[in-house]
1. N483 to S326: extension gain in nm, 0.36 nm per residue of separation minus the Cα-Cα distance?
2. Tell me the angle of helix 271-283 to the major Cα principal axis of the chain, expressed in degrees between 0 and 90 and rounded to the nearest ten.
3. What's the angle, to the nearest 10 degrees (0 to 90), between helix 236-246's Cα axis and the longest principal axis of the chain?
4. Based solely on its DSSP helices, what 222 nm [θ] is calculated for the chain when runs of n ≥ 4 H residues each add -39,500 (n - 2.57) and the sum is averaged over all residues, nearest 500 deg cm²/dmol?
5. Fewest Cβ neighbours within 10 Å first, please rank M475, M443 accordingly.
6. With a bin width of 10 angstrom, please list the P(r) values of the chain as percents of all Cα-Cα pairs, from the 0 bin to the one holding the largest distance.
7. In nanometres, what is the gap between the two model label sites at R249 and A336, each 7 Å from Cα along Cα-to-Cβ?
8. Order of S326, S121 from fewest to most other C-beta atoms within 10 Å?
Amino acid sequence: MPVNRVPVRNFVDGLFVDGPSSFDKVSPVDGVVVADVHLADSVLVDRAVQAARRALNGPWGATGVPERVALLRRVADGIEERFDDFVEAEVRDTGKPASLARQLDVGRAVVNFRQFADTVSSEGLDSFLTELPDGRRALNYAVRKPLGVLAVVVPWNLPLLLLTWKVAPALACGNAVVVKPSEETPSTATLLAEVMAAAGVPAGVYNVVHGYGASSAGEYLTTHPDIDGVTFTGESSTGSAIMRAVAPRVRPVSFELGGKNAAVVFADADLDATIQGLGRSVFTNTGQVCLCTERVYVERPVFEAVADGLTAFARGLVLGDPYEASTTTGPLISQAHRAKVSSYLDLAVEAGAEVLAGGGIPDLGADLNRGAWIEPTLWTGLDNTARVVREEVFGPVAALVPFESEDEAVRLANDSPYGLASAVWTTNLQRGHRVAQQMRVGMSWVNTWYLRDLRSPFGGVGLSGIGREGGRHSMAFYTEPTNVSVQL
Ligand code: NAD
Ligand code: 6OD
């Protein structure tokens, strides 16, 4: 595996900038320091916000849609040209298998820019011919304007995918952004700055500031008085802190937050396909996808078969070097996150769980044992009262719980303060539609998981977020409409 300790700098007003200090970024694969990340202090964050404001008040603010669409397409091409560099940077920061980084993270970054170029080209707004009872007539139409200078604060699990999922629509709509990547995954946002500059994105339109959250770059950015809105993906508790931070200035927020997603397996499901789908939904990216399934409700007659099949799936996962073709599963993101996930492994056993697979820290040999590895883990014997069935673990874990009827399955799945995603597995399509629509979530899949159409609304209810992004839903957040009424 290539290891080199690289400097990772802030990108402000079109230039790479050192911070007043720096911190080590450690690989979760083997604990080796892989990057020296320059921290942005409040002065540098302020410079980034001012640069974005100047860009917005300058020629960038006057660009038309065709010009921005062409720019987005050049950015997509630029990522493709440096595809391997992006994969290497993402693997260096996260330790995820290179095959996953290629297919999911970097592949989707390219698609994000192209998809939002398409969306902004085709989206219009309302127009009405108004005819009042007194005979007056008017043409009412609305035009979109950019929301302004946006804080884009993103997490470490799908770093480039989630960043571009917000930056692409933001730029498509003519905003200027200051991005704060996770302290765990600073590299691809920084590499993207090189691509942006090469593609001709004007100075100040895309800025990157590095650092932590509270009392650091994240908080400096979200409390900055000249930010017009915050688009954030991360933990629900962080969303809550950001909401408080912007409340005094009443700024709009778009929040994609945590999940505790349920799968519901009916006895009539195609069990082989279901087990493969469930396996993907529980263990992809070591369970570190907000959409991952952590609760599996199974109709009693097939409970044992599903438990056996999923256990075999978990035991078949291969942990190891991200560049080995046989590797399916990487480490958790950090030692701190592993300590949190491990504490849930203990809690499950204390709550009376039977451990079907995993349950501990694997022995992978001297080098990897310094990393943040954890065993893919499955439990039975728990119910919805256990903390591990209620709280988001964000690791490769799931609890299997039996149910007796459709009504009970819906009740159990909806018994959660979160409401991001669900998956229903059944060959009865009427039931599939019926149950999927009753799920208290933003996204409900039937006989699949994480199959996305980027034009469809993405987001959650309850603790899982505020608002929807995707296609025209993104246009709604990233623009301010002005209505014009012309008397005829
Ligand atoms: P996190 O909330 O700890 O951090 C996310 C980002 O917020 C980071 O850049 C961090 O530095 C910053 N931050 C932290 N505290 C802050 C503060 N007080 N002010 C401003 N910024 C702050 O989340 P994480 O641990 O990086 O990511 C994992 C979480 O993200 C999980 O809960 C997961 O479910 C959630 N997530 C949700 C979605 C979704 O689409 N719903 C997608 C991916 C991840
Ligand atoms: O695929 C996407 O567009 C998306 N926003 C995925 C989020 C995954 C959460 O970890």
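Where a number appears in this text, it was derived from the coordinates with a stated rule and is not lab data. Note that the coordinates shown come from a computational prediction; the quantities given were computed from them, not determined experimentally. No Cβ is skipped: glycine too gets one built from the backbone with ideal geometry, and neighbour counts run over all protein chains shown.
1. 50.9 nm
2. Between helix and principal axis, roughly 60 degrees.
3. Approximately 20 degrees, to the nearest ten.
4. On the way: 15 runs with 179 residues, N = 488.
Estimated from H runs of four or more residues: -11500 deg cm²/dmol.
5. M475, M443
6. 4, 20, 28, 25, 15, 6, 1, 0, 0
7. Here the modelled spin labels are 2.5 nm apart.
8. S326, S121
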